[in-house]
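Engineer: I'd like to ask some things about the structure below.
Taken together, the values in this text are just the output of simple stated rules run on the coordinates, not laboratory data. Keep in mind it's a predicted model, so treat the numbers as computed, not measured. We place every Cβ from the backbone using ideal geometry, glycine too, and count neighbours over all the protein chains shown.
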């Protein structure tokens, strides 16, 4: 099993991100609760030591992602309602990968936040960015129309809906829509993130393809790291129609790579995780 943080990416990944991945993959099927002891064992398999695990649990508790709960005398943490919502949002983006067609309409968000509520303005911009919106002008953001349901749900949940008007519309004039898309989104930055994912994970997939047997602990290690690295990218990617993307766009290659890792590693990783939790 590869354990070097340089080759797996654990050095640059916060332990709290791994914990969230573990809850998303393995805790929800058991009611959303994991014991602290089980978390420490699982995180040890990801090369994260116990003090870092406990510190990260505390941060997730302060963010209202986890709630403390003892079961059968064991200290542990359960997903909060907010934590469940966060993971549900991730399921749609990570595993379903919705993508617009060229004929689809656009979703436009127009907002105005008073200067006295600057924190709300910052949160609103952060949420729109995380939903995959691009910026056309100050206070005017745009996304493919298929993001409407998710956008409405997020804005209402975070009590931001009162600041925003949402419109469904078509682009009529006066520029070339492909050029406009390059202005509204930082596609170069997203392309660089996809390049980074490909560079990190292609050698890992190649190594697994050479193996004749699957070691479950190694599969767990590599799959959790890959999913944690992949998880943020579908949120930053709005799912634009392929015709609007650069000719050398590597998002599809990165998605195919993650799907191949998932197909090969998810099953044995799950077996290892459940056995570790049940110790």
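Engineer: Between residue 278 and residue 156, what is the spin-label point distance in nm, taking each point 7 Å from the Cα along the Cα→C-beta axis?
Structural biologist: About 4.0 nm separates the two model spin labels.
Engineer: Same structure, new question: Please state the relative contact order of the chain as a whole percent: Cα pairs under 8 Å, 6+ residues apart?
Structural biologist: It rounds to 25 percent for the chain.
Engineer: For q = 0.09, 0.11 Å⁻¹, what log10 I(q)/I(0) does the chain give under the Debye formula with an equal point scatterer on each alpha carbon and no solvent?
Structural biologist: Values, matching the q order: -0.49, -0.71.
Engineer: Here is a further query. Please report the projected area of region 104-180's Cα convex hull averaged over all directions, in nm².
Structural biologist: If I average the Cα hull's projected area over directions, I get 5.2 nm².
Engineer: Also, I was wondering about something else. Between residue 17 and residue 105, what is the spin-label point distance in nm, taking each point 7 Å from the Cα along the Cα→C-beta axis?
Structural biologist: Simple spin-label model gives 3.7 nm for this pair.
Engineer: If contacts are Cα pairs under 8 angstrom and at least 6 residues apart, what is the relative contact order of region 106-169 in percent?
Structural biologist: 55
Engineer: Tell me the angle of helix 251-277 to the major Cα principal axis of the chain, expressed in degrees between 0 and 90 and rounded to the nearest ten.
Structural biologist: 30
Engineer: Show me 114-127, 242-255 ranked by packing, highest mean number of other Cβ atoms within 10 Å first.
Structural biologist: Averaged packing, sorted descending, gives the order 242-255, 114-127.
Engineer: Further question on the same structure: What number, in percent, do you get for the relative contact order of region 186-270 if the mean sequence gap of Cα pairs under 8 Å and at least 6 apart is divided by its residue count?
Structural biologist: 56
Engineer: May I ask for the angle, rounded to the nearest 10°, between helix 187-210 and the longest principal axis of the chain, with both axes built from Cα atoms and the value confined to 0 to 90°?
Structural biologist: Its long axis makes an angle of about 30 degrees.
Engineer: Please sort 14-21, 184-191 by packing, taking for each peptide the average over its residues of neighbouring beta carbons within 10 angstrom, highest first.
Structural biologist: Listed from highest to lowest mean packing, they are 14-21, 184-191.
Engineer: In nm, give the distance between the simple-model label positions of residue 95 and residue 136, each being 7 Å from the Cα along the Cα-to-Cβ direction.
Structural biologist: 3.4
Engineer: Need the full-extension length gain, residue 84 to residue 214, defined as separation in residues times 0.36 nm minus the C-alpha distance. One decimal, nm.
Structural biologist: Separation in residues times 0.36 nm, less the Cα-Cα distance, equals 43.7 nm.
Engineer: To the nearest 10 degrees, how steeply does helix 118-131 sit against the main Cα axis of the chain, on a 0 to 90 scale?
Structural biologist: The two axes meet at around 80 degrees.
Engineer: Next question, about the same structure. If a/c stays under 1.5 just call it rounded; otherwise compare a/b with b/c (prolate if a/b is bigger, oblate if not). Do that for region 5-83, with a ≥ b ≥ c from the square roots of the Cα gyration tensor eigenvalues.
Structural biologist: prolate
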